[in-house]
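Just below is one structure, and these are the notes that go with it.
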Amino acid sequence: MDSPAHDVLILGGGGAGLRAAIAVAQSAPELRVAVLSKVYPMRSHTVSAEGGAAGVVAKDDSLDEHAYDTISGGDWLCDQDAVESFVRAAPQELTQLEHWGCPWSRDASGHIAVRAFGGMRKMRTWFAADKTGFHLLHTLFQTTLQYDSIHRYDEWFATRLLIDDGRVQGVVAIDASTGRIQAITAHAVILCTGGCGRVFPFTTNANIKNGDGMSLAWRAGAPLKDMEFVQYHPTGLPFTGILITEAARAEGGYLINKDGYRYLQDYDLGTPQLKPVLRSMELGPRDRLSQAFVHEQAKGRTIPSPHGDIVHLDLRHLGEDVINARLPFIRELCLKYQNLDPVTELIPVRPVVHYMMGGVHTNNEGATPLPGLYAAGEVACVSINGANRLGSNSLPELLVFGARAGLAAADYARSAHPPSDHVEAQAADEIRRLHTLLHRKGGRRIADIRVRMQSAMESGAGIFRDAKTLCDAANEIAELQSADVSLDDHSLTFNTEWIAALELSFMLDVAQAIVHSALSREESRGAHQRTDFPARDDSRYLAHTLIYHRHGDAPRVDYLPVTITRWPPGQRVYGR
Amino acid sequence: MPELVNLEVFRYSPEHTPEPRFQKFQVPYNKEWVVLDALNYIKDRTDGSLSFRWSCRMGICGSCGVLINGEPKLSCATFLPSKSSKPIRIEPLRHFPVIRDLIVHIGDFMTKLKKVKPWIIRTNESPLSEGEFLQTPDEMERYHQFSHCINCMLCYAACPIYGLDPLFAGPAAIALAQRYNNDSRDQGAARRMPILSSHDGIWACTFVGECTQVCPKHVDPAAAIQQYKLTAALHSLKSVIAPRGAA
């Protein structure tokens, strides 16, 4: 077969994908790099990140403190070598974004300003008001436009990885606007497709977050890691699931129950103070705050709403000036989508699925166990996030590991061989499969299956789980996986239903991986809380879950020891 | 009997509905629903072939712009009107080629965006080890508003000039160029000038101001264009006085 179409093909045009593309274009201008994304890059979900990006910059801060906060926040499931290299690289990546034009908020002298964030003992979160992800994504996207060596496939949808002789050699993808299906070959592929929040019914995640890359890698034989660790953000707007950033609490917001009481003080998170205290109360880690909500609900101290019980986030005492300067987007979102003004009114909030700690197993350079396949950002699990990610670590993560994966893939691509004719046969198989799906009639509606999957995941694998709820969810997911979907739309031109059917099958894979990983881990750690195994068990589970796909059979689970360098497992202490 | 809302949705498919038409749908009224929720209700339950773009549902990804009763709007940020006697008419953004139903082709904008060089241009690079460029809040204020563009294309759908002259760079692209021109870290204004001050750059704009009216992020592209006209006019005066650019 001829030489491949690209040296490096990146799936996903969000923060990780664009950072990887720039890394390739700058370090190896001779390489042909491409970004394939199912949406125009500036639509990617990085755009929705609000609060900020952590990187040590203040004089009173240190890399070790950022590392310790991350590791204890992750309940000792982080690989400490990865965390150490991550915190070292983060400030430089954030400075690089500044040089590319990111409008980071400043102090009066013109230096980068930093704010407090949950679980962080020092102020180290860089921010662009409360639209950090938006500015970061547009800065990266606009920066890529100057590199002619970056080719883009906008609104293309990858359906399968091509594998030859054990090596990843490209993808099969659909051009959404025409329905044309094409094999796109490459020496190396980098997955930067983000997370999978849409597996659950109530999520901050955009409609496009369907675990595409996780499923593509899994089907191709790469293991997924730590998939049982699903982060619930404590403050989402009811009904829409719109994120109300942790920065709202970092600026001084209170979480109160139906009696106006700051209930977090009852859950070993410290004592209430007027001003925010680092690593205390509302600035505790997300897993502990979301769990506290469920306990508060059990005590009957939450407030019923048409969309589930809620508590209130109170920003009124911050005043209009602070809210406008530091949280303008939160005010806009409340006004536009909840019809209330946080300057004078309480914001109803409840925990909402937000982030996947788990993902495709990679090493510190972004390489997966499959030769030629790399991953970075939320789709990947290095792991620096362990059992619970700290807010503001995901944006620097996608920059640091996006850049590294780009460099590693470029290196690999230089010495790789062209694919054999074998990939053409695989592509032909895939084209047949996709056309069969396109013409399918007489099955169940996509939305019906999706709603059932989401409800099974919420009741079976939510904030608290046990063997029974997880088994029920596993059975339901298995049944849904064998159901036939039918399409109303059989045309080739921008067929969003065809793509939704493929996304649904990706989500069912991811749901299966989450449920089986959770069933296997008989302990409670971070965001994985088993009511039948309420304690952390380091003797059995100071280890990453690796889950492998098996066609027509339950997945296989294995464990990989956590890398500990300098911080032996200890107690997570907040507010005292 | 729950209250119902009537919608008239533009349909076009080159394969199956080559003659554009409006299709009527009824959805239940729900005070929390935006127009996008109604479209998803139809797609999930009634007609899976109805085609539209959406993603974040929080007004920041810029995907879901359509015409609602003739006005360019984000469908995720427009609540369903209650007790509306007239049907709500939903159409694709005007001035763009329609691919399918409510989905338009925005390739023209993507080409124009790249042409205005929307990235930091430096004549002297400084290494990362020297830290960040200092930028005071006042300096940031000079470009910040223009940096909020979400590329939703509502301004192009509102701009009568773009409708008449497809070569016009258009409001968002000019605002983003000016976003970099006004940034204290940027040294690329001279390189953007040939594109911006050409006939199809700012001068095509007759200052109708519709772009600013419809912008969901208060970017005010009309102000960017007016600002740049002044810059370009001063530059051309100076080039009369000092033709070799000595000024």
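Here are a few things to note about the model shown:
- Checked against the criterion of being in contact with a Gly (Cβ under 8 Å, 6 or more places away or on another chain) and more than 25 Å from residue A:72 (Cβ to Cβ), the candidates A:408, A:428, A:376 yield just one match: A:408.
- Flag for residue B:155 being more than 22 Å from residue B:123 (Cα to Cα) and more than 12 Å from every other protein chain (Cβ to nearest Cβ): yes
- Residues in region A:99-111 that are in contact with a helix residue (DSSP H, G or I) (Cβ under 9 Å, 6 or more places away or on another chain) and at the interface with chain B (Cβ under 7 Å from one of its Cβ atoms): A:99, A:100, A:101, A:103, A:106, A:108, A:110.
- Test: residue in region B:127-134 that is at positive phi and surrounded by 19 or more Cβ atoms within 10 Å (Cβ to Cβ): no
- Residue A:343 fulfils the conditions (1) touching an Asp or Glu at 6+ places or on another chain (Cβ under 9 Å); (2) surrounded by fewer than 19 Cβ atoms within 10 Å (Cβ to Cβ); (3) not in a loop (DSSP other than H, G, I, E, B) except for a single criterion, (3).
- Test set (1) out of contact with any helix residue (DSSP H, G or I) (no Cβ under 6 Å at 6 or more places or on another chain); (2) within 14 Å of chain B (Cβ to nearest Cβ); (3) assigned to a helix (DSSP H, G or I); (4) at pLDDT 95 or above - residue A:348 fails condition number: (3)
- The residue that is farthest from the other protein chains (Cβ to nearest Cβ), counting only those in region B:66-79 that are of a type in the set (A, V, I, L, M, F, W, C) and crowded, with 23+ Cβ neighbours inside 10 Å, is B:66.
- Test result for residue B:178, out of contact with any helix residue (DSSP H, G or I) (no Cβ under 8 Å at 6 or more places or on another chain), in contact (Cβ under 8 Å) with a residue 40 or more places away in the chain and either farther than 18 Å from residue B:92 by Cβ or not hydrophobic (A, V, I, L, M, F, W, C) (or both): no
- Among the residues making up region A:54-66, a single one is surrounded by 24 or more Cβ atoms within 10 Å (Cβ to Cβ) and assigned to a helix (DSSP H, G or I): A:66.
- Among the residues making up region A:469-522, those that are within 14 Å of chain B (Cβ to nearest Cβ) and of a type in the set (S, T, N, Q) are A:486, A:491, A:493, A:495, A:496.
- Matching option when the condition is among the polar types (S, T, N, Q) and out of contact with any Pro (no Cβ under 8 Å at 6 or more places or on another chain), among A:96, A:169: A:96
- In region B:88-130, of all residues being of a type in the set (Lys, Arg) and under 18 Å from residue B:163 (Cα atoms), the one that is farthest from the other protein chains (Cβ to nearest Cβ) corresponds to B:94.
- Subset tally (residues that are in contact with a helix residue (DSSP H, G or I) (Cβ under 6 Å, 6 or more places away or on another chain), part of a loop (DSSP other than H, G, I, E, B) and of a type in the set (A, V, I, L, M, F, W, C)) for region A:373-408: 5
- Within region B:97-123, tally of residues that are in a loop (DSSP other than H, G, I, E, B) and within 25 Å of residue B:180 (Cβ to Cβ): 9
- Out of A:317, A:295, A:312, sole residue that is part of a strand (DSSP E or B) and either in contact with a strand residue (DSSP E or B) (Cβ under 6 Å, 6 or more places away or on another chain) or not hydrophobic (A, V, I, L, M, F, W, C) (or both): A:312
- Filter result for the condition that a residue is polar (S, T, N, Q), within 14 Å of chain A (Cβ to nearest Cβ) and within 30 Å of residue A:133 (Cα to Cα), over B:63, B:82: B:63
- Lone qualifier among A:37, A:27 - being touching a Gly at 6+ places or on another chain (Cβ under 8 Å), away from chain B (no Cβ under 14 Å) and not aromatic (Phe, Trp, Tyr): A:27
- Consider region A:48-98 and keep the residues that are more than 13 Å from chain B (Cβ to nearest Cβ) and of a type in the set (Ser, Thr, Tyr). The one that is farthest from residue A:358 (Cα to Cα) is A:62.
- Wholly within region A:458-576, helices (runs of 4 or more DSSP H) carrying at least 1 residues that are surrounded by fewer than 22 Cβ atoms within 10 Å (Cβ to Cβ) and touching a helix residue (DSSP H, G or I) at 6+ places or on another chain (Cβ under 8 Å): A:467-481, A:496-520
- Test result for residue A:260, surrounded by fewer than 23 Cβ atoms within 10 Å (Cβ to Cβ) and modelled with pLDDT of 95 or more: yes
- The residues in region A:409-455 that are within 19 Å of residue A:210 (Cα to Cα) and either in a helix (DSSP H, G or I) or away from every other protein chain (no Cβ under 14 Å) (or both) can be counted, and the count is 12.
- Hits in region B:124-152 - residues which are more than 21 Å from residue A:109 (Cβ to Cβ), in contact with a His (Cβ under 9 Å, 6 or more places away or on another chain), touching a residue at least 40 places away in the same chain (Cβ under 8 Å) and assigned to a loop (DSSP other than H, G, I, E, B): B:149, B:150, B:151
- Conditions (1) closer than 20 Å to residue A:526 by Cβ; (2) out of contact with any helix residue (DSSP H, G or I) (no Cβ under 7 Å at 6 or more places or on another chain); number of the one not met by residue A:292: (2)
- Selection status of residue A:160, of a type in the set (D, E, K, R), touching a residue at least 12 places away in the same chain (Cβ under 8 Å), within 25 Å of residue A:188 (Cα to Cα) and touching a strand residue (DSSP E or B) at 6+ places or on another chain (Cβ under 6 Å): yes
Yes/no matrix, rows are residues, columns are (1) more than 20 Å from residue B:114 (Cα to Cα); (2) within 13 Å of the chain's Cα centre (by Cα); (3) not in a loop (DSSP other than H, G, I, E, B):
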position	(1), (2), (3)
B:157	no, yes, yes
B:173	no, yes, yes
B:178	no, no, yes
B:195	no, no, yes
B:198	no, no, no
B:225	no, no, yes
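The values are calculated or read from the model by the stated rules, or taken from the named source; none is laboratory data. These figures come from a predicted structure and were not determined experimentally. All Cβ positions, glycine included, derive from the backbone under ideal geometry; neighbour counts span all protein chains shown.
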